[in-house]
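In what follows, a single structure is set out as structure tokens and then discussed.
The values are calculated or read from the model by the stated rules, or taken from the named source; none is laboratory data. The structure displayed is predicted, hence computed values, not measured ones. When we count neighbours, we look across all protein chains shown, and the Cβ atoms used for this are built from the backbone with ideal geometry, even at glycine. Please note that ligands, DNA and RNA were not included when accessible areas were found on the heavy atoms of the full protein model with its side chains. Shrake-Rupley method; radii C 1.70, N 1.55, O 1.52, S 1.80 Å.
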Number of protein chains: 2
Amino acid sequence: MSPLSRVTETLLAALGPEQVITDRHRLRTYECDGLAQYKVVPGLVVLARDADDVATAVAACAAGQVPFVARGSGTGLSGGALPRAEGVLIVMSQMRQIREIDAANQRAVVDPGVINLALTRATTPDGYYFAPDPSSQSVCSIGGNVAENSGGAHCLKYGFTTNHVVGLDVVTPAGERVEIGGKAPDPPGYDLLGALVGSEGTLGIVTAVTVRLTRLPQEVQTVLAGFRSTDDAGAATSAIIAAGVIPAAIEMMDALAIEAAEKAVACGYPAGAGAVLVVELDGAAADVAGELAEVLRHCEANGAFETRIAADDVERALIWKGRKSAFAAVGRISPDYLVQDGVIPRTALPQVLRQIADLAAERDVRVANVFHAGDGNLHPLVLFDDAEEGAAERAEDVAGGILELCIANGGSITGEHGVGADKARYMPKMFTAADLETMQAVRCAFDPDNISNPGKVFPTPRLCGERPGRRQGAHPLQEAGLAEVF
Amino acid sequence: MSPLSRVTETLLAALGPEQVITDRHRLRTYECDGLAQYKVVPGLVVLARDADDVATAVAACAAGQVPFVARGSGTGLSGGALPRAEGVLIVMSQMRQIREIDAANQRAVVDPGVINLALTRATTPDGYYFAPDPSSQSVCSIGGNVAENSGGAHCLKYGFTTNHVVGLDVVTPAGERVEIGGKAPDPPGYDLLGALVGSEGTLGIVTAVTVRLTRLPQEVQTVLAGFRSTDDAGAATSAIIAAGVIPAAIEMMDALAIEAAEKAVACGYPAGAGAVLVVELDGAAADVAGELAEVLRHCEANGAFETRIAADDVERALIWKGRKSAFAAVGRISPDYLVQDGVIPRTALPQVLRQIADLAAERDVRVANVFHAGDGNLHPLVLFDDAEEGAAERAEDVAGGILELCIANGGSITGEHGVGADKARYMPKMFTAADLETMQAVRCAFDPDNISNPGKVFPTPRLCGERPGRRQGAHPLQEAGLAEVF
């Protein structure tokens, strides 16, 4: 009997057939997440209803040395929830209870399957919201946000998921339940929250999340500004930040992205714009008024030919509709597309956009750019037609080339979508062997058998029996000519 | 030849006698840090001048399996820099260069020995400062702040050191140099910054710190309010926070602490006060004006019989002088004292203060209370006279009892002074065996030989060969009656 068959038998007996899926047809539902280029039918699916179920499933996997992968809503864009054919997929989406809203202390405790926007809806009556706002916030789960350390348009001012998580209940890869952090700040001992948030399922499975709630702002103002070029829009972005204004969001779209959005949702962006900026300001009314004047001034000084201020929530929603629908809208102008995710220093924006345009022209591929300009997080959309021979490969080449450009310009291979299955091969371009070695030593501390979402994040697994230590380069004692003393 | 003698020989040869102290008389200088109850003369002292020196010293220790301890300015209050008699003390205080101030990106890169206040002085001309402000900020080092995750009066609004560190250069216990984080937000891979900050030297030695700089506020207002009792002052604190005002600081002192401060620095606090609050507001001028009115209203509604607003920086400095000198001032009313550091939920303040008073009365010991009321971080000062037989033991009992009270009221055994040598024995009262096990597994990932500041933080070392796993309680498969399947 194979290890997976034994795990299947164990879990069917422990959890029953309603929670354990073995039917090949039903298993296929889970073959990919939001990155549909990669597909693997899982060996077994477990629908967890509570932390005990998760612990039971993980303990069975640990006992059988069978790999497992956790999945939330399956909206991830780096293949982080890509299943293993010989492994177990643990689906967390039935765990979706908001357990506690403690408005007085600005905290809430939620199940991992709770939808991001549902938490904001539940806390709005008390005057609070959950700040991280990925574009998928109406469907993505908070557990998934924790796994990927998700950002969103407003993370320029409010930070990523990691800045809003204060406690986690975790099932470790050994099947043990552990609490990390909690409601109170600064507990003694190691603060492992940072390591867990964004670890993409490689250190265990989160079964409860304690989050910080953010007060709803007194005032919100949204500006739409049309520019002739992305150079001008980029210069305006830099000028706004340099003036000391930190808007809640500064989003940029280029001409091709605007064209797609107009076709899809008729958002009425300024005609003939080579780029638009969406700038949102929030906070105390007095502050916002002053910041609004600054933003308009810097837009106009940098060539904005039209600026509009949303008069009310309806106009604000229309401005955002163009931006938020941009990824899907690209379907109107191209049969297929890849979404890339990279980061560059804000000041390098104009230069990198020109390099992307050159790269795209060279390979005869169109690239639409939609991005969080304020923090230099690019989301180039690489367009192609899969029916055309070799087009997908050319698109992949360009998408990969864009990451190389990000690295060469002092940036990063991912801003908010994660490394997952998709980008593990790029990790050695960003990190030294010693850096990766240190991360993997931590992974071994949690998961010595490499069964917790293996194959994600790290290009090559580390044999966990090894002791940490120098792997390459001269030892400082050798440099000092003293290596032979011991 | 003992392992330490071999390390001594190696390091004398590599670094020379100017940087390697072996003279017993000079070694004695380093026998304790700010917690003078514990004293150990180190076996060897290395004065590091750069990261290479640190790597050389650590590599020699690793090769010889000799324990090492890093020391900054030696102001720590939990014995975190207590040396080992058979080990090496690596002194970081000569590494005190501010390497870069990048005001445009609100970042600075500093050596670990840079004094906390020196960084603020260096960045003030550009309109910035370094927000963490421990009372020792004129002498403590930023490396020490990182090791202990130091707070300060203003961490209510601005957070602890961990909220202001974005990158670290670290020498791992194997002697390897690693970079963690950096200037850009949200790099891929594990975010180990949180684990490193506050790890009290048990995961390696920090050789460079990249910090976030905070903009100097437009306006600062400081209020001194006199109350009849700590109950009233506590109620005012809760009312201010509940109203949604987050002051930069809310500090409380009780009658005994006020008496000591008056004797030492004649700060002129309201006569006859059973407690005073120092409330500081900062930010945009318009916001501060509104918040000031709220604070005054809540103080008066909760029984403040006198409130004063500092008219200028001189008056502000006088108000703070009383608070900041309180620890030392206690020397005016008692020959000896212990400084305790615990945390309780803010709302439990009045109740815990009564319990502390009862405990002190029972053991015939006086306790002065000075604390960061806004975030529930207590600093009781337990007074005694070492010349009196048994007095030190009674004081220790009361100090320990206060921690038990903190835990019983849902708090923590340390707010900002760290666990160090002093509080390791209390860790099992706050954490389950599984929680501690997970932390120690991470420690083993960095330091399998237990040579990096051993004996601190954890009550008992873990044997690092063990695999992580369930140590106690029923296995979930046992609970399900299925433990025998594998």
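Overview of results
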item: Cα-derived Rg over Rh, computed across chain B with Rh taken as Kirkwood radius; result: 0.99
item: Shortest-first nm distances, A:A408 label point to equivalent points in other copies (7 Å, Cα→Cβ); result: 6.7
item: Kirkwood hydrodynamic radius of segment A:219-408, from inverse mean 1/r over distinct Cα pairs, in Å; result: 16.7
item: Relative contact order computed over chain B (Cα-Cα under 8 Å; 6+ residues apart), in percent; result: 14
item: Summed buried accessible surface, chains A and B, 1.4 Å probe, nearest 100 Å²; result: 6100
item: Anchor A:K321: aspartates and glutamates whose Cα lies under 15 Å away (excluding residues fewer than 8 positions away in-chain); result: A:D133, A:E251, A:E259, A:E262, A:E280, A:D312, A:D313
item: Where the protein assembly as shown is the region considered: accessible area per residue in Å², 1.4 Å probe; result: 36
item: 0 to 90° range, to nearest 10: angle between helix A:230-242 axis and chain A longest Cα axis; result: 80
item: Entries of A:K324/B:K183; A:K157/B:K157; A:K423/A:K456; A:K183/B:K456; A:K429/A:K456; B:K157/B:K183 with Cα pairs more than 18 Å apart; result: A:K324/B:K183; A:K183/B:K456; B:K157/B:K183
item: Cys residues of chain A counted as unpaired, since no other Cys beta-carbon is under 4.7 Å; result: A:C32, A:C61, A:C140, A:C155, A:C267, A:C299, A:C406
item: Cα gyration tensor, segment B:318-362 - rounded (a/c under 1.5), prolate or oblate; result: oblate
item: Residue and distance (whole Å) for the chain B Cβ nearest the axis that superposes B on A; result: B:G194, 1
item: Gain upon complete extension [B:R6, B:T22; 0.36 nm per residue less C-alpha separation]; result: 4.5 nm
item: Sorted largest first, extent of the protein assembly as shown alpha carbons per principal axis (Å); result: 91, 66, 59
item: Shielding by other protein chains, B:223-232, mean Cβ within 10 Å; result: 0
item: Solvent-accessible surface ranking, highest first, for A:F458, A:F431, B:F305 at 1.4 angstrom; result: B:F305, A:F431, A:F458
item: Extension gain (nm, one decimal) between A:I246 and A:A285, 0.36 nm per residue minus Cα-Cα; result: 12.6 nm
item: Relative compactness, segment B:188-270, computed as alpha-carbon Rg over 2.2 N^0.38 Å; result: 1.67
item: Solvent-accessible area, 1.4 Å probe, carbon plus sulfur percent, for segment B:3-91; result: 49
item: Summed residue charge, Cβ within 14 Å of A:I240's Cβ, Lys/Arg positive, Asp/Glu negative; result: -4
item: Copies compared at B:R215 - label distances in nm, ascending, label defined 7 Å from Cα in the Cβ direction; result: 1.8
item: Cα-based helix-to-principal-axis angle, A:51-64 vs chain A, degrees rounded to 10; result: 60
item: Where labels lie 7 Å past Cα in the beta-carbon direction, separation of B:Y38 and B:Q351 in nm; result: 3.2
item: Portion, in percent, of the accessible area of segment B:334-416 that falls on carbon or sulfur, probe 1.4 Å; result: 46
item: Average partner coverage of A:192-205, which counts Cβ from other chains inside 10 Å; result: 4
item: Base-10 log of normalised Debye intensity for segment B:124-251 (one unit scatterer per alpha-carbon) at q = 0.11, 0.15, 0.19 Å⁻¹; result: -0.50, -0.81, -1.09
item: Burial order of peptide ranges B:313-325, A:188-200 (average beta-carbon count within 10 Å, highest first); result: A:188-200, B:313-325
item: Scaled radius of gyration (Cα, divided by 2.2 N^0.38 Å) that segment A:3-91 gives; result: 0.99
item: Hydrodynamic radius (Kirkwood) for segment B:217-327, which is based on Cα pairs only, to one decimal in Å; result: 13.7
item: Amide N proximity, segment A:27-52 versus B:T432 label position 7 Å along Cα-to-Cβ, cut-off under 16 Å; result: A:50-52
item: Stretchable slack from B:R297 to B:L463, in nm (0.36 nm times residue separation minus alpha-carbon distance); result: 54.0 nm
item: Protection proxy ranking of A:174-184, B:281-291, A:435-445, A:22-32 - average other beta-carbon atoms within 10 Å, highest first; result: A:435-445, A:174-184, B:281-291, A:22-32
item: Distance in nm between pseudo-label sites at A:Q218 and B:D102 (7 Å out along the Cβ direction from Cα); result: 3.5
item: Between 0 and 90°, nearest 10: helix A:391-408 axis offset from chain A longest Cα axis; result: 80
item: Test item: A:53-64 mean partner chain Cβ contacts at 10 Å; result: 4
item: Förster-model FRET efficiency, 51 Å R0, B:I309 and B:E388, C-beta, rounded to 0.05; result: 0.75
item: Helix-only mean residue ellipticity at 222 nm for the protein assembly as shown, each DSSP H run of n ≥ 4 adding -39500 (n - 2.57), per residue, nearest 500; result: -10000 deg cm²/dmol
item: Burial of 40 Å² or greater, segment A:161-190 residues [accessible area, probe 1.4 Å, versus chain by itself]; result: A:A174, A:E176, A:V178, A:P185, A:D186, A:P188, A:G189, A:Y190
